[in-house]
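This report concerns only the one structure given below.
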Amino acid sequence: MNEASAAIDALSAIVGSRYVIGPGAEQEPFLTDWRGRYRGDAMAVVKPANTAEVAALARWCWANDVAMVPQGGNTGMCGAATPLGRSPTVVIRLDRLNRIRWISRLGDAIAVDAGCILANVQAAAEAAGRLFPLSLGAEGSCQIGGNLSTNAGGTAVLRYGTMRELMLGLEVVLPDGEVLDVMTALRKDSTGYDIKQLFVGAEGTLGIITGAVLKLFPRPKRRAVAMAKLPGIEAALDLLSEARTRLGERLGSFEAMSRGQIEVIAEHVPHVTIPFALDAPWYLLIEVVDTLEDSDLDAALENLLGIGLERGWISDALIAASEAQAQSLWKIRHSVSEGSKAAGYVISHDSAVPLEQQAAFVTRVEARIAQICPEARIVMHGHLGDGNMHVLAIIPSASAVERAAMQACVDAVNRAVDEVTTALGGSISAEHGIGIANRARLGRVADPVELAWMHKIKGLIDPKGLMNPGKVLPA
């Protein structure tokens, strides 16, 4: 028996032969990232059923110096779940860790396996009369472990926070197979270092998240949704300030899209309907929610939009007259990735800057990209309420002859966006993470002391460098 066959047999003994995929065509979906930018290789793709099996896999990999790449729904934007960086490698796919462990209505908490699909967690919370508020375009396929590993944000951060703020407890299999069990639902705990926070945003480089306790919230009984047209990003910020003053925490989402972004969706996503003329530079999707059934949110939202019209912040607005119309407006926002991917090669950015600098960021970045890459189609969308603006430069797909020139364009655009972002006191990644795509960029902009400590932490927890090698940390 050769070494490869022996490894497959050993892995099969842990999870069952049915759940081990050796090299070949059947592995392909697990070797390539969602955007098709990166492709790796694996000695096996393994699908454990529970934490004990994940721990046994980690112990085997540790003993045999085999790298481990945790993979959830494989919907990430930066290649963090692609098996690159070291060989041999095992992809540990978490689909079968899909249990809702328990729900507490009194404690407003839910315990789940890391392989639970986000939409299923949302549905379980709703069935219990509660809300799990994380919402993003890939919610039908992304998994909770991946959401935690990238500290996902989505469209409700303004009201509820990122995954770091939505997490109460965590269960993690460490690189040597030891299990860190901090599956607590406590809201207050001051017993030393909060170790579990190390694994949120670590993108699988420190361990494999296998379970989590998440915060739930009262389910909103009422909501109102509107789309507004604006002359510029400055007007959107003025309206945001007014909305916070008048609506307070009832302001659930405040999402911005440039006209070009919606045009891309209209051109490439046939199942999305655009119910208004695209005759303004910017568009806002605003959602207002309340847990009180007698709240007149339509009136509150109409009043806000009326003020915006009077002051010239908006030129027109459409308030959803039904839940179906509200969902239709949200479908536009959730189709930005699908539409942009279909439009060409996307140079995407996930910058966050202080709100006071948001208008300067948009203006400067657009000018820099246009100068560097005139053929690029520049579009933007973002979670304006929390300062996170996604800037996309879409280039028509290049032939093999043009690829070298295109890569030079990509590098120049990334540098320009990063320079503007850091000059304005921002971050180059608000919610997508670093993965493979942004390692070099992180090395350019990170504080040297912070970066050194990230390497020290990695070396302490994973001294063999087996956990998701080649990701996050610059070489």
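The numbers here are math on the coordinates, done by the rules we state, and not lab data. Predicted, not measured: the structure shown is a model, and the values here were computed from it. For neighbour counting, all protein chains shown are included, and Cβ atoms are generated from backbone atoms with ideal geometry for every residue, glycine included.
Determine the dipole magnitude for the stretch 222-336: charges of +1 sit on the beta-carbon of Lys and Arg, -1 on that of Asp and Glu, nothing else is charged, the reference point is the Cα centre, and the result goes in debye to the nearest 20.
Working: 10 positive and 18 negative charges, 51 e Å.
Roughly 240 debye for the stretch 222-336.
The stretch 344-446: D in µm²/s via Stokes-Einstein (Kirkwood Rh, Cα pairs, 4 °C, 1.567 mPa s)?
94
Using the Cα centre of the chain as origin and beta-carbon charges of +1 (Lys, Arg) and -1 (Asp, Glu), tell me which of Pro354, Ala156, Met454 is placed farthest towards the positive end of the dipole.
Going by the Cα projections, it comes out as Met454.
Can you list the lysines whose alpha carbon sits under 26 Å from that of Lys471, skipping same-chain ones fewer than 8 residues off?
Excluding near neighbours in sequence, the set is Lys47, Lys196, Lys341, Lys456, Lys458.
Quick one: Ser149, Ser340, Ser141, fewest Cβ neighbours within 10 Å first, how do they rank?
Fewest-to-most ranking of Ser149, Ser340, Ser141: Ser141, Ser340, Ser149.
For Thr363 and Asp316 in one chain, what is 0.36 nm times their gap in residues minus the Cα-Cα distance, to one decimal in nm?
Working: separation 47, 0.36 × 47 = 16.92 nm, distance 2.30 nm.
Length gained between Thr363 and Asp316: 14.6 nm.
Using only Cα atoms and rounding to the nearest 10 degrees, what angle (0 to 90) does helix 118-127 make with the longest principal axis of the chain?
Between helix and principal axis, roughly 70 degrees.
Could I have the simple spin-label model distance between Asp181 and Leu198, label points 7 Å from Cα toward Cβ, reported in nm to one decimal?
With each label point 7 Å from Cα toward Cβ, the separation is 2.0 nm.
For every helix of n ≥ 4 consecutive DSSP H residues, a contribution of -39,500 (n - 2.57) applies; sum these over the chain, divide by its total residues, and give [θ] at 222 nm rounded to the nearest 500 deg cm²/dmol.
Taken over the chain, the calculation gives -10500 deg cm²/dmol.
Which aspartates and glutamates, if any, have their Cα less than 19 Å from the Cα of Lys464, not counting same-chain residues under 8 positions apart?
Asp65, Asp176, Glu178, Glu203
Report, in degrees rounded to the nearest 10, the 0 to 90 angle that the Cα long axis of helix 233-247 makes with the longest principal axis of the chain.
90
For the chain, give the share of DSSP beta bridges that are antiparallel, in percent and rounded to the nearest 5; count only bridges with both residues there.
85
How large is ³J(HN,Hα), in whole Hz, for each residue of the stretch 143-158 in order, when computed from phi with the Karplus curve 6.51 cos²θ - 1.76 cosθ + 1.60 and θ = phi - 60°, using x for Gly and Pro?
Computed from phi, the couplings for the stretch 143-158 are 10, 4, x, x, 4, 6, 5, 10, 6, 4, x, x, 9, 10, 4, 3 Hz.
What Rg and what Dmax come out for the stretch 3-93 when only alpha-carbon atoms are used, in angstroms?
12.3, 34
Roughly how many whole Å is it from the C-alpha centroid of the stretch 185-260 to that of the stretch 142-159?
That distance is 9 Å.
On the principal axes of its Cα set, how long, how wide and how thick is the stretch 222-336? Give whole Å, largest value first.
Extents along the principal axes: 39, 29, 18 Å.
Taking the Cα centre of the chain as origin, work out the dipole magnitude from +1 charges on Lys and Arg Cβ and -1 charges on Asp and Glu Cβ, in debye rounded to 20. Write down the numbers at each step before the final one.
Numbers: 44 positive and 53 negative charges, 131 e Å.
Value, rounded to 20: 620 debye.
At 1.306 mPa s and 10 °C, plugging the Kirkwood radius over alpha-carbon pairs of the chain into Stokes-Einstein gives what diffusion coefficient in µm²/s? Intermediate results must be reported in sequence, preceding the final value.
Values: Rh = 23.4 Å.
Diffusion coefficient, whole number: 68 µm²/s.
If one puts a single equal scatterer on every Cα of the stretch 16-61 and applies the Debye formula without solvent, what log₁₀ I(q)/I(0) results at q = 0.26, 0.29 Å⁻¹?
So the normalised log intensities work out to -0.98, -1.05.
Taking the chain as the reference, fit the longest principal axis to its C-alpha atoms, fit the long axis of helix 358-372 to the helix C-alpha atoms, and give the angle between the two in degrees, 0 to 90, nearest 10.
For 358-372 against the chain, the angle is about 70 degrees.
Tell me which of Asn147, Ala80, Gly470 sits at the most positive position along the dipole axis of the chain, charges placed on C-beta atoms (Lys, Arg +1; Asp, Glu -1).
Farthest towards the positive pole: Gly470.
Give me the number: length gained by fully extending Glu450 to Ala405, i.e. 0.36 nm times residue separation minus the C-alpha to C-alpha distance, one decimal in nm.
Gain on extension, Glu450 to Ala405, equals 12.8 nm.
Using per-residue counts of other Cβ atoms within 10 Å, averaged over each peptide, order 204-215, 357-368 from highest down.
Descending packing order for the listed peptides: 204-215, 357-368.
Once amide H atoms are built 1.01 Å from N in the peptide plane, which residues 5 or more positions from Leu170, or in another chain, come under 5 Å H to H?
Distant-sequence amide H within range of Leu170: Val182, Met183, Thr184, Val213.
Once you have the Kirkwood Rh of the stretch 1-156 from its Cα pairs, apply Stokes-Einstein at 37 °C and 0.692 mPa s and quote D in µm²/s.
199
Under 8 Å for C-alpha pairs, at least 6 residues apart: give me the relative contact order for the chain, rounded to a whole percent.
Relative contact order of the chain: 16 percent.
Among Met68, Met454, Met380, which comes first, second and so on when ranked by fewest other beta-carbon atoms within 10 Å?
Met454, Met380, Met68
Roughly speaking, what is the stretch gain from Ala123 to Ala277, that is 0.36 nm per residue apart minus the C-alpha to C-alpha distance, in nm to one decimal? Intermediate results must be reported in sequence, preceding the final value.
Details: separation 154, 0.36 × 154 = 55.44 nm, distance 3.45 nm.
Value of the extension gain: 52.0 nm.
How much FRET efficiency would the formula 1/(1 + (r/R0)^6) give for Ser12 and Glu242, where r is the Cβ-Cβ distance and R0 is 45 Å, rounded to 0.05?
That gives a FRET efficiency of 0.15.
Quick one: what does P(r) look like for the stretch 100-218 with 10 Å bins over all Cα pairs, in whole %?
Histogramming the stretch 100-218 at 10 Å steps yields 15, 50, 31, 4 percent.
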